[in-house]
Amino acid sequence: MSYPTRSTRSLLSIDDLSNSQVIHLIERAQQFKKNEIQAIRPAKPLIVGMVFFEASTRTRFSFEVAAHRLLLHPVVFVVDKATSVDKGESLHETLNTLLAMRPDLLVVRHAGNIRLEEIMRKSSIPVVNAGSGVEEHPTQSLLDAMTVQERLGQIEGQRILYVGDVEHSRVAKSGAKLFQKLGAQVAVCSPKDLAVRDSNVQQFNTLSEALKWCTVCIGLRIQKERHSQATNLSQGQYIENFRLDNKNLAALSSSAIIMHPGPFVPDVDLSDEVLSDSRCAIHEQVTNGVYMRMAIMGDLLGLSYT
Ligand code: ASP
């Protein structure tokens, strides 16, 4: 698979992928899931550096699981007291240092840092964006697309709704681009304070109206750590009007599906009761995350399969 928009093979943005590349990745991930193909051990050990400058549970763990399933060697770097970041080293020098050790692939998550972005863009080693600031989370939207394809049989023609803190959601931003590229319609429903600015997607004012429209409802966490200024948002009103729970989801069709990238804050953006709703695909998203990340890393490293 070739990545036409940059000199090295990297996946930094959904814009790096053509439709046929997306379809190929979904098919490849499904082949892994059905156990139809297995990675062949590469002639030399391939090292995947996993660099997490920001907190993560499922993205980090699934990249690690995926790397092991591909017979790769993941080496994880997380910022903590035992690293030179604690001694005052900058994040960009940290990233340059890790790249200078010449891993075969780098997976990087950061909170939105231009110098890191520049290094990732210029790297001769392939880099996968595992979430950057409020802008991009391409691997999440690919696994979301895979989940929609599996549950509903096709992506084209679906009506995808993002609910909640859209403004600070890299999941919604990458997802909106990807789903539109694949022929789905995208809309959002969020409190005024958290609405996305300059959006080219439809905006709904009330959740019940939005839920009647959609075939896929994707909840979002209130991503406080990404807010640049305090909001007037009242948690009580948010719960009343935007939380995904049995009461608020009453307007959603029985054939629609419910997703959430996680983590969710119980009883604020989603209630535990939703997990046992037959329309809920949240844990399937997590499972698919491993297979999608296998597909992405396998392609970028040019692995062979039996
Ligand atoms: N896990 C997702 C992300 O990294 C969503 C979230 O943090 O709420 O953006």
* Structure fact -> In terms of the alpha carbon gyration tensor, root eigenvalues a ≥ b ≥ c, rounded if a/c is under 1.5 and otherwise prolate when a/b exceeds b/c or oblate, segment 218-260 is oblate
* Asked: Between Gly219, Gly164, Gly183, which gets the highest mean-square fluctuation from a Gaussian network model of the chain, Cα cutoff 10 Å?
  -> Gly183
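Can you tell me the accessible area per residue over segment 138-285, all protein chains present, probe 1.4 angstrom, in square angstrom?
Details: 6250 Å² over 148 residues.
I get 42 Å² per residue for this part.
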* Have a look at Cys189, Cys280, Cys217 and tell me which one the Gaussian network model of the chain (Cα, springs below 10 Å) gives the largest fluctuation. => Cys280
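Apply the a/c threshold of 1.5 to the C-alpha gyration tensor of segment 146-207 and tell me whether it is rounded, prolate or oblate. Can you show the working numbers first?
On the way: a/c = 2.08, a/b = 1.90, b/c = 1.10.
Prolate, since a/c reaches 1.5 and a/b exceeds b/c.
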* For the pair Ser199 and Val75, what calculated FRET efficiency results from E = 1/(1 + (r/R0)^6), where r is the Cβ-Cβ distance and R0 = 22 Å, to the nearest 0.05? -> 0.05
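Are there GluC sites (Glu not before Pro) in segment 79-161 that DSSP marks as loop and that have at most 13 other Cβ atoms within 10 Å, and which are they?
Working: sites: Glu89, Glu93, Glu117, Glu118, Glu135, Glu136, Glu150, Glu156; in loops: Glu89, Glu135, Glu156.
Sparse-neighbourhood loop GluC sites (Glu not before Pro): Glu89, Glu156.
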* Asked: For the Cα atoms of the chain, what angle does the longest principal axis make with the long axis of helix 170-181, in degrees from 0 to 90, nearest 10?
  -> 90
* Asked: To the nearest 10 degrees, how steep is helix 19-33 against the longest Cα principal axis of the chain, on a 0 to 90 scale?
  -> 80
* **Area of Asp277 that stays accessible when all protein chains are in place (1.4 Å probe, Å², to 10)** => 30
* To do: Summarise the accessible area of the chain (1.4 Å probe, protein heavy atoms) by the percent that is carbon and sulfur.
  => 49
* To do: Compute the distance in nm between two label points, each set 7 Å from the Cα along the Cα-to-Cβ direction, one at Val65 and one at Glu118.
  => 3.8
* Asked: Highest GNM mean-square fluctuation, the chain, Cα pairs closer than 10 Å: which of Ser123, Ser84, Ser271?
  -> Ser84
* Distance between modelled label sites at Ala82 and Thr206, nm, 7 Å Cα→Cβ extension -> 5.5
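Give me the number: length gained by fully extending Thr57 to Glu36, i.e. 0.36 nm times residue separation minus the C-alpha to C-alpha distance, one decimal in nm. Each step should come with its number before you reach the end.
Working: separation 21, 0.36 × 21 = 7.56 nm, distance 2.77 nm.
In short, 4.8 nm is gained.
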* What angle, in degrees between 0 and 90 and rounded to the nearest 10, separates the Cα long axis of helix 282-301 from the longest principal axis of the Cα atoms of the chain? -> 30
* Which value, in Å² and to the nearest 10, is the accessible area of Tyr305 when all protein chains are kept and the probe is 1.4 Å? -> 50
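Please state the shape class of segment 44-90: rounded when a/c is under 1.5, otherwise prolate if a/b exceeds b/c and oblate if not, all from the C-alpha gyration tensor. Don't skip to the end; give the middle numbers.
Numbers: a/c = 3.83, a/b = 1.76, b/c = 2.18.
Taking the square roots of the gyration eigenvalues as a ≥ b ≥ c, segment 44-90 is oblate.
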* Name the residue farthest towards the positive end of the dipole of the chain from the options Leu152, Gly49, Gly175, assuming +1 on Cβ of Lys and Arg, -1 on Cβ of Asp and Glu, about the Cα centre. => Gly49
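The values are calculated or read from the model by the stated rules, or taken from the named source; none is laboratory data. On a predicted model such as this, the values are computed, not experimentally measured, just so you know. Ideal geometry is used to build each Cβ from the backbone, glycine not excepted, and the neighbour counts take in all protein chains shown. Note: areas computed on protein heavy atoms with side chains; ligands, DNA, RNA excluded. Shrake-Rupley method; radii C 1.70, N 1.55, O 1.52, S 1.80 Å.
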